[in-house]
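Here's the structure we're looking at; comments come further down.
The values are calculated or read from the model by the stated rules, or taken from the named source; none is laboratory data. Please read all numbers here as calculations on a predicted model, not as lab measurements. Positions of Cβ are backbone-derived with ideal geometry, glycine not excepted, and every protein chain shown enters the neighbour counts.
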Amino acid sequence: MARINIDGEQNVEVSIKIPSQKTPKEQLEIMEAYTKAHMESGGLDKAQRELACLRTIYPALFRTIEEGDLIAGRLDFLPIGFGCVTSIGGVGHYCVFHKLREFKQMLSDPRDLARVDRLYDY
């Protein structure tokens, strides 16, 4: 077996966080569409609800391919979405409330602030 040292900079735990490629308005629109799909699919079975939600955020979350990328598929992660939820041990719907509050500080239009409040309240 080859011996390699995988500790260090390539480790995801120590990687530098990169900001979203989307504008705050675009991020808000994606989170609203996702939340709307989640609300409206509440009566569906689990798999159908998941499909309805995922259709709203993919491919919208994919980042553009950057120079030096070897694999396509890098994602922007927003305060609301679907993904690995380590606190429950698997994949699921999530809202990271403190990140949603931080996101709100990126906006100044009172109408946009109210839109974030509606997402937070849901």
Original post:
Quick one: how many residues across the range 108-122 are modelled with pLDDT of 95 or more, of a type in the set (Asp, Glu) and not in a loop (DSSP other than H, G, I, E, B)?
Top reply: 2
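Are any residues in the range 54-73 of a type outside the set (Val, Ile, Thr) and within 12 Å of the chain's Cα centre (by Cα), and if so, which ones?
Of everything in the range 54-73, those that are of a type outside the set (Val, Ile, Thr) and within 12 Å of the chain's Cα centre (by Cα) turn out to be 54, 58, 59, 60, 61, 62, 63.
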**OP:** Within the range 53-83, work out how many residues are touching a helix residue (DSSP H, G or I) at 6+ places or on another chain (Cβ under 7 Å) and small (Gly, Ala, Ser).
**Re:** 2
Original post:
Being touching a residue at least 12 places away in the same chain (Cβ under 8 Å) and within 13 Å of the chain's Cα centre (by Cα), is that true of even one residue in the range 43-50?
Top reply: no
Original post:
Restricted to the range 64-83, and to residues that are among the acidic types (Asp, Glu) and surrounded by 11 or more Cβ atoms within 10 Å (Cβ to Cβ), which residue is nearest to residue 28 (Cα to Cα)?
Top reply: 76
Original post:
Just to be sure, is residue 62 in contact with a Lys or Arg (Cβ under 9 Å, 6 or more places away or on another chain) and hydrophobic (A, V, I, L, M, F, W, C)?
Top reply: yes
Subject >> Test set (1) surrounded by 11 or more Cβ atoms within 10 Å (Cβ to Cβ); (2) out of contact with any Phe, Trp or Tyr (no Cβ under 8 Å at 6 or more places or on another chain) - residue 50 fails condition number >> reply: (2)
Original post:
Quick check: is even one residue across the range 84-105 small (Gly, Ala, Ser), closer than 22 Å to residue 19 by Cα, loosely packed, with under 14 Cβ neighbours inside 10 Å and out of contact with any helix residue (DSSP H, G or I) (no Cβ under 7 Å at 6 or more places or on another chain)?
Top reply: no
